[in-house]
Amino acid sequence: MVHQVRRFNRTVTQRIGALNDSFLSRDRPLGQARLLWEIGPDGSDVRSLRSRLDLDSGYLSRLLRALQDDGLIVVERSGTDGRARTARLTSRGLAERAVLDRRSDDVANSILGPLSEPQRTRLTSAMAEVERLLVASAVRIAVRDPRHPDARYCLRAYFSELSRRFDGGFDPARSISADDEELIPPAGLVLVATLHGEPVGCGALKFHRDAPGEVKRMWVAPAARGLGIGGRLLAALEAHAAASGVRVLRLETNRVLSEAIGMYRAAGYREVTAFSDEPYAHHWFEKAL
């Protein structure tokens, strides 16, 4: 598999011209050209650029400096936050981006042109699948303090979605507790999934001495669903639970969360009789680790 991934990478970098110092014959390498595209006509926060492109801050600074020296961008400090900087395209930068845009279309057409219609369909469908899987592989999962901004963001989004989807809404105060102090080791933990530095999902554990552990706060951002993040979060929670000596995990869920119910069943959780008085639950699950 590693051999195939490396072979694919070599083919793609050669075919799109990434090996040339003058990408698309514009006298600048691919990194600079891509940065012009990402800055876009509306400009972009430098921290956001670094996160989206997974670039080292020093390398990004060198790319920005080169584009500034060519008169293609300006980098300004935020008026409200002196630490934040925004990159904006100049008129020359906008013109250069338009040329790169047209030439990128030409390269795409040169790839599609020699192929038959069925081959084009196969290629673009395969590209869409590869892109989806590459995005999935970029997701990172780590333990976070429940008070961390990324964890707070996910938990707020989780509560908001439940409020929209549950009949009669959702009030965390009525639900079985999973407060901050219950989700900090050794009492429990929170996992946060991030994609290019942005939080896209979470899951939590509550530990109980000589009793099954509890899976809580499972959520994935709607825009990131379909990437397998929920399954990865669940597997990671199980691994943390097993490492802490937990032998059985339990969870309860609402009947409207059909996608979550399907995931739990596929992961080996079996439905059992109610073991809690959770007012929002219709299904109770258990799994031996």
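Tabulated values for the structure
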item	result
Segment 96-253 - Rg over Rh from alpha carbon coordinates, Kirkwood radius	1.16
Size of electric dipole in the chain: Cβ of Lys, Arg +1 and of Asp, Glu -1, about Cα centre, debye, nearest 20	720 debye
Neighbour net charge for G268 - beta-carbon separation under 11 angstrom, K R +1, D E -1	+1
Where the chain is the region considered: accessible area per residue in Å², 1.4 Å probe	57 Å²
Rel. contact order, % - alpha carbon contacts under 8 angstrom, at least six apart, the chain	11 percent
For H196, net neighbour charge (Lys/Arg +1, Asp/Glu -1) across residues whose Cβ lies under 11 Å away	+1
Protection proxy ranking, peptides 229-236, 165-172, average beta carbon neighbours within 10 Å, highest first	229-236, 165-172
Segment 165-217, relative contact order in percent, only Cα pairs under 8 angstrom and at least six apart counted	24 percent
Charge-dipole axis of the chain as Lys and Arg at +1 and Asp and Glu at -1 on Cβ define it, positive-most pick from L35, L257, Y158	L35
Accessible area of the chain belonging to carbon and sulfur atoms, whole % at 1.4 Å probe	52 percent
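The values are calculated or read from the model by the stated rules, or taken from the named source; none is laboratory data. Bear in mind that the values here come from a model prediction, so they are computed numbers and not experimental data. Reconstructed Cβ throughout: ideal geometry from the backbone, glycine too, with neighbour counts over all protein chains shown. Just the protein is used for accessible areas: all its heavy atoms, side chains included, with ligands, DNA and RNA removed. Shrake-Rupley method; radii C 1.70, N 1.55, O 1.52, S 1.80 Å.
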